[in-house]
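Okay, so here's the structure we're looking at.
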Amino acid sequence: MDAAKKLAWTLDQRRKSLFFRDKLREWHLIEVAQLIETVRGDRLDWDLDNLRISEEAWRLLIHSGIKPIIVFANPAILRSIAKSVGYYRMLAMVSQKSMSQVGVATARYEQSSNLPSAEAALSISRHLNHIISRLVESDSSVNRREFDIWRGMAAGTQAQGSWQNKKGDLAEFDMRRDLVKVLRTSDMVADASGIDIWSRSCEINLRDGRRISLASEPDIVLRVGERIHAAVEIKGGIDQAGILERVGAAMKSLSRVKEEDPTAITILVIPGVSMTPQARNDIESNKQTVNAWFSLEDILDGNRPRIQFYRLLGLTP
């Protein structure tokens, strides 16, 4: 494998790893687990039959010195700790989609701070406890660390689904992440608290009065007053199939910028490994539309091209 392709795949791996890490934080998996572990479970009502917890599974936990609250869902917890529904669903290693299919939808309680009603909390607890009981009973011994792995397996599967849906946009989010890092390191941002790189549209105000819009078509726009100083179009995809269509779409987006402000600096960022001689020729022959182009690999892992890119934007790190 040549060096360029190896670098492209390495960046793709890193991108996926960062995406999974961000999902871990977005879903508050650690915080919810820590809150549940602080609960005095012995003060809760544990009607095993009503909660569909098998006596054998309960006995195995007690004899292993494991707090039942860590393993079995209790309606009181689901109604008091936001997102705890997701904790127990992942522990049961079932998906949100499958929960909907059995008539016990949980997504709305996992994606926000919504808490289930008493009836919903009981239904969710009963269904998940039935599955978890069978999992616990399947072995004669219980290892507490295994429960973390169960949740991790379910979280990984869910993150993989999100990754597949987002993968086409992730080159853009890679650039957003790097841009925000540069702005914060240079202390250029007037207020960094509201920056969300995963938002479809985000506005960043700089201390010198300039504004950066993170949106789509183009992906990054830097304005001075009402004038466009620079615009960046980002295209992902490391395969060469469809490269001419991607370059053509980028040119259309940047040509609209030039129509609005002919003095604007227009930049295309695209994976270098995806480029073909024809694609390079198309870009080079349209310098009036695309003033400069950089490979995504060079900006994210390179030194000199990265500095050149940010200099063109007037944001030298």
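The values are calculated or read from the model by the stated rules, or taken from the named source; none is laboratory data. Computed from a prediction, not measured in an experiment: that's the story for all the values here. Cβ placement follows ideal geometry from the backbone for every residue including glycine, while neighbour counts extend to all protein chains displayed. Accessible surface areas use protein heavy atoms only, side chains included; no ligands, DNA or RNA. Shrake-Rupley method; radii C 1.70, N 1.55, O 1.52, S 1.80 Å.
Return the FRET efficiency for the residue pair ARG200, LYS287: r is the Cβ-Cβ distance, R0 is 30 Å, and the value is rounded to the nearest 0.05. Before the final figure, lay out the partial values.
Working: r = 31 Å, r/R0 = 1.02.
The pair ARG200/LYS287 has a calculated efficiency of 0.45.
Rounded to the nearest 0.05, what FRET efficiency is calculated for ASP49 and ASP187 with R0 set to 51 Å and r the Cβ-Cβ distance? Walk me through the numbers before you get to the answer.
On the way: r = 61 Å, r/R0 = 1.19.
Rounded to the nearest 0.05, the efficiency is 0.25.
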Starting from the Cα gyration tensor of segment 230-317, take the square roots of the eigenvalues, sort them a ≥ b ≥ c, and report rounded, prolate or oblate (rounded when a/c is under 1.5, otherwise prolate if a/b is larger than b/c, else oblate).
oblate
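Rounded, prolate or oblate: which fits segment 82-178, taking a ≥ b ≥ c as square roots of the Cα gyration tensor eigenvalues, rounded meaning a/c under 1.5, else prolate when a/b beats b/c? Intermediate results must be reported in sequence, preceding the final value.
Working: a/c = 2.44, a/b = 1.48, b/c = 1.64.
Because a/c hits 1.5 or more and a/b fails to exceed b/c, segment 82-178 counts as oblate.
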Scan (1) 45, 21, 17; (2) 37, 22, 17; (3) 50, 21, 16 for the value of semi-axes √(5λ) of the Cα gyration tensor in Å calculated from this model and give just the label.
(3)
What part of the accessible area of the chain, given as a whole %, is carbon or sulfur when the probe is 1.4 angstrom?
49 percent
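Over the chain, what is the relative contact order in percent, taking alpha-carbon pairs closer than 8 angstrom and at least six residues apart?
Dividing the mean separation by the residue count of the chain yields 13 percent.
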Counting other C-beta atoms within 10 Å, and keeping those with at most 11, which DSSP coil GluC sites (Glu not before Pro) do you find in segment 201-259?
GLU226
Per-selection Rg to Rh, segment 1-148 - Cα, Kirkwood hydrodynamic radius
1.08
Any helix of the chain counts here only if DSSP assigns it H throughout, its Cα atoms span 15 Å or more along the axis, and its mean Kyte-Doolittle hydropathy is at least 1.6, and such helices are none
Taking the chain, the lysine pairs whose C-alpha atoms sit under 14 Å apart (8 or more places apart or on different chains) add up to 10
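Under the classification rounded if a/c is under 1.5, otherwise prolate if a/b is larger than b/c and oblate if not, where does segment 170-264 fall, given a ≥ b ≥ c as square roots of the Cα gyration tensor eigenvalues? Don't jump to the answer; show the numbers that get you there.
Numbers: a/c = 2.63, a/b = 1.36, b/c = 1.94.
It is oblate, given that a/c is not under 1.5 and a/b is not larger than b/c.
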Just to confirm the filter: which trypsin sites (Lys or Arg not before Pro) across segment 217-317 are DSSP coil and have at most 15 other Cβ within 10 angstrom of their Cβ?
LYS287
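Counting only heavy atoms of protein chains, what accessible area per residue, in Å², does the chain have with a probe of 1.4 Å? The partial results should precede the final answer.
On the way: 16050 Å² over 317 residues.
About 51 Å² of surface per residue is accessible.
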